[in-house]
Amino acid sequence: MKMNKWVSVISIAVLIYTLFIVPASATFISGGITSFDISVKGGAVNSVYVFVPDTGTTGKVSGVGAASAIDWSSIGYLLSLFDNPQRIVKDTDTTYVDTSTGSPLFATIGAATILAFAGPGVNNVVHYFETVDPTIGGATVRYGTDGTNAYWTVYGSKITATSTALSSLGNTLDLFVIEAFTDGAGGRVYIIYGLGGFGTMAAGVFIRFNFYQYGTVDPGSITGATANTLIYKWTDGTSAPANNKFPDFSGGAGPDGWSLLYSGP
């Protein structure tokens, strides 16, 4: 009897630990970010929904504002990689988005692949994935700010290496995240954005000219690319022609810097 009692106590303790202490796991994609090559670049015609941020405020979820031109900056770089035509959808399009929550209308798009640009402050769909629990299709890595610094969290814990003064973000320095996971409908989701607009632009440049060389995927060129999340810091070059206040791979004696800050779930 005593042994059974202790077994029960231990079982309850393990259950509590599992439910409340161990972070819940999201469902990830085999190959992590390298799966972009098959799911997005090589996706069948109209199998990818590219959710872009509306530059207006009508139809935005509470807390989500209008996008600016720079928030669209990554799109051109990546659309140039697509092997086939895909669906380009504004985040306020009620045919495909529930504008009360920002959720894609899964009854309409099914388990399609989703590619979403720009941060949760301007894109309804990104906002949605950063509010949904990871165990039912939400992102594990999410934007955070204390009003002075911006950063990302993973399972609610700050990724300290990403904490950056908001005042320092701009045309010479920014950070960006690239994420890959599955949503509640079983579709693949890829989210790309920066702490600021130049970070979003830098993400597109990075994927186009570092992940892909002359149009051919080269996963080996990205450290940790099989991870589900990568966070990089971009800094403008120190010498001409790279010190142009613009993310690029122009080379020279002092090229732009691309520093890996986080690789993980």
Of residues in region 95-113 being over 20 Å from the mean Cα position of the chain (by Cα), of a type outside the set (A, V, I, L, M, F, W, C) and over 19 Å from Thr131 (Cβ atoms), the one modelled with the lowest pLDDT: Gly110
Any chance you could count how many residues in region 152-173 are buried (at least 19 other Cβ atoms within 10 Å of the Cβ) and either under 17 Å from Val126 (Cβ atoms) or among the hydroxyl-bearing types (Ser, Thr, Tyr) (or both)? 4
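Within region 172-205, which residues are closer than 23 Å to Pro255 by Cβ, in contact with a strand residue (DSSP E or B) (Cβ under 6 Å, 6 or more places away or on another chain) and of a type in the set (Ser, Thr, Tyr)?
Matches in region 172-205: Thr200 only.
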For region 43-63, state whether one or more residues are modelled with pLDDT under 85, among the polar types (S, T, N, Q) and either over 17 Å from the mean Cα position of the chain (by Cα) or more than 25 Å from Ile136 (Cα to Cα) (or both). no
Please go through region 50-75 and give me each residue that is of a type in the set (Phe, Trp, Tyr) and crowded, with 22+ Cβ neighbours inside 10 Å, ordered by number. Phe51
I'd like the residue in region 89-115 that is under 13 Å from Phe181 (Cβ atoms) and of a type in the set (Val, Ile, Thr) and, out of all such residues, is surrounded by the fewest Cβ atoms within 10 Å (Cβ to Cβ). Thr113
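For region 73-160, which strands (runs of 3 or more DSSP E) that fit wholly inside it have 2 or more residues that are among the basic types (Lys, Arg) and more than 14 Å from Ile192 (Cα to Cα)? Before the answer, list the steps.
Working: elements: 87-90, 113-117, 141-145, 149-154.
Hits in region 73-160: 87-90.
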What are the pairs, 6+ residues apart or on separate chains, where a residue within region 202-222 that is closer than 22 Å to Asp71 by Cβ has its Cβ under 8 Å from a residue that is among the small types (Gly, Ala, Ser) and modelled with pLDDT under 60? Asn210/Ser221; Phe211/Ser221
Does Ala118 satisfy being among the aliphatic types (A, V, I, L, M) and surrounded by 20 or more Cβ atoms within 10 Å (Cβ to Cβ)? yes
Looking at region 146-170 only, could you name the residues that are of a type outside the set (Gly, Ala, Ser) and either in contact with a His (Cβ under 9 Å, 6 or more places away or on another chain) or under 24 Å from Leu115 (Cα atoms) (or both)? Tyr151, Trp152, Thr153, Val154, Tyr155, Ile159, Thr162
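Out of Ile231, Ile207, which single residue is part of a helix (DSSP H, G or I) and either modelled with pLDDT under 90 or surrounded by 21 or more Cβ atoms within 10 Å (Cβ to Cβ) (or both)?
Ile207
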Candidate set from region 161-180 (those that are in contact (Cβ under 8 Å) with a residue 60 or more places away in the chain and in a loop (DSSP other than H, G, I, E, B)); member that is nearest to Ser74 (Cα to Cα): Asn171
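Would you please name the residue that is farthest from the chain's Cα centre (by Cα), looking only at residues in region 181-199 that are part of a loop (DSSP other than H, G, I, E, B) and buried (at least 24 other Cβ atoms within 10 Å of the Cβ)? Give the steps one after another, and end with the answer.
Pass one, region 181-199, residues part of a loop (DSSP other than H, G, I, E, B): 183-187, 195-196.
Going one step further and asking which of them are buried (at least 24 other Cβ atoms within 10 Å of the Cβ), we end up with 183, 195.
Details: Asp183: 13, Leu195: 11 Å.
If we take residues in region 181-199 being part of a loop (DSSP other than H, G, I, E, B) and buried (at least 24 other Cβ atoms within 10 Å of the Cβ), then Asp183 is farthest from the chain's Cα centre (by Cα).
The values are calculated or read from the model by the stated rules, or taken from the named source; none is laboratory data. The structure displayed is predicted, hence computed values, not measured ones. No Cβ is skipped: glycine too gets one built from the backbone with ideal geometry, and neighbour counts run over all protein chains shown.
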